[in-house]
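Asker: Before I ask anything, let me first share the structure, which is written out below as structure tokens.
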Amino acid sequence: MFEVIIAIITGIFVGLIFSLLKLPIPAPPVLSGIAGIFGIYLGGIGYHWIIERFFS
């Protein structure tokens, strides 16, 4: 839970700095960004499942 709180605080800080400097926010569009994160998560789980299932 601590990592989530630190990530949110860091994200807010970066967003404030980028807005202050009038730069575009360094994030993908909302839906594609969420889909990408979900895909990365599923890939990580799939990797561990394959390693445990077939190589242990």
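Asker: Residue under question is Ile40, and the condition is that it be of a type outside the set (Lys, Arg) and at pLDDT 90 or above; does it hold?
Answerer: Considered against the rule, which asks whether it is of a type outside the set (Lys, Arg) and at pLDDT 90 or above, Ile40 comes out as yes.
Asker: Could you list, in sequence order, all residues of the stretch 32-56 that are assigned to a helix (DSSP H, G or I) and aromatic (Phe, Trp, Tyr)?
Answerer: Phe38, Tyr41, Tyr47, Trp49, Phe54
Asker: Given the condition of a type in the set (Val, Ile, Thr), in a helix (DSSP H, G or I) and at pLDDT 90 or above, answer yes or no: does some residue in the stretch 22-31 qualify?
Answerer: So far as the stretch 22-31 goes, no, none of its residues is of a type in the set (Val, Ile, Thr), in a helix (DSSP H, G or I) and at pLDDT 90 or above.
Asker: Residue by residue through the stretch 20-49, note down the ones that are hydroxyl-bearing (Ser, Thr, Tyr) and surrounded by fewer than 10 Cβ atoms within 10 Å (Cβ to Cβ).
Answerer: Ser32 - this is the single residue of the stretch 20-49 that is hydroxyl-bearing (Ser, Thr, Tyr) and surrounded by fewer than 10 Cβ atoms within 10 Å (Cβ to Cβ).
The values are calculated or read from the model by the stated rules, or taken from the named source; none is laboratory data. Model, not experiment: these values are computed from the prediction. FYI the Cβ positions are ideal-geometry reconstructions off the backbone, even for glycines, and counts take in every protein chain you see.
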